[in-house]
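J.: Before we start, here is the structure in question, set down as structure tokens.
Nothing in this text is a laboratory measurement; each read-out follows from the coordinates by a stated rule. Being a predicted model, the structure only gives us computed values, none of them experimental. Neighbour counts run over all protein chains shown; Cβ positions are idealised from the backbone, glycine included.
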Amino acid sequence: MGDLRLVDEEATTRLGAAIGLALGQGEAVCLSGPLGAGKSSLARGLILALAPAAGDVPSPTFTLVQIYAGPSFEIAHFDLYRLTRAEEAFEIGLDEALREGAAVIEWPERLAGLLPANRLDVAIRLDGEGRRARITAHGAWEGRALDL
């Protein structure tokens, strides 16, 4: 899918919303990048596009996972930053989340070689005053267009 320039937080949130509207059950969106790059802003846009009644969408840094009710399936928002082993993600329900709904995963590198097959990788990095997102599709995401 390539690189995309994000000029501000609003652009990052809009990208999240576009991804959310394309997200299907059993799929994941994996968000990587340094602290402060905009992963949580993108996740917030994605979740609010599918579950506008969610209201406040904080980063699940301390709870590790937060579940939101979407119109057709649940969206689980995982923050894996504090995990020490990849298996811990499955102990807190990653498999269930993908079986019953979809997942947004911050810090997917903590999963090592256990990443979901049907996923969209979004690597965000700082780029001057804005951000740059590199988007890579895997499995069911391959060939899917985003309405940007």
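J.: If exposed means no more than 16 neighbouring beta carbons inside 10 Å and the site is in a DSSP loop, what's the longest run of the chain without any exposed trypsin sites (Lys or Arg not before Pro)?
T.: It runs 1-81.
J.: Continuing with this model, one more query. Using 0.36 nm per residue of separation minus the Cα-Cα distance, give me the extension gain between Ala137 and Arg99 in nm, one decimal. Walk me through the numbers before you get to the answer.
T.: On the way: separation 38, 0.36 × 38 = 13.68 nm, distance 1.95 nm.
Extra length from Ala137 to Arg99 when fully extended: 11.7 nm.
J.: Expressed as a rounded percentage, what relative contact order does the chain have, with Cα pairs under 8 Å and six or more residues apart?
T.: Once divided by the residue count of the chain, the mean separation gives 34 percent.
J.: Next question, about the same structure. Can you compute log10 of I(q)/I(0) for the chain with the Debye formula, treating each Cα as one identical point scatterer, at q = 0.14, 0.16 Å⁻¹?
T.: Once normalised to I(0) and log-transformed, intensities are -0.58, -0.78.
J.: Starting with the fewest neighbours, write out Tyr81, Tyr68 ranked by other beta-carbon atoms found within 10 Å of each beta-carbon.
T.: Ordered from fewest to most neighbouring Cβ atoms within 10 Å, Tyr81, Tyr68 come out as Tyr81, Tyr68.
J.: Want the number for Leu115 to Asp56: 0.36 nm per residue separation, take away the alpha-carbon distance, what's left?
T.: Details: separation 59, 0.36 × 59 = 21.24 nm, distance 2.75 nm.
My answer for the length gained is 18.5 nm.
J.: Note down the nm distance, to one decimal, between modelled labels 7 Å out along Cα→Cβ at Glu129 and at Arg85.
T.: 4.8 nm
J.: To continue, here is another question. Rounded to the nearest 0.05, what FRET efficiency do Ala69 and Val7 give with R0 = 35 Å and r taken as the Cβ-Cβ distance? Could you check?
T.: After rounding, the FRET efficiency stands at 0.65.
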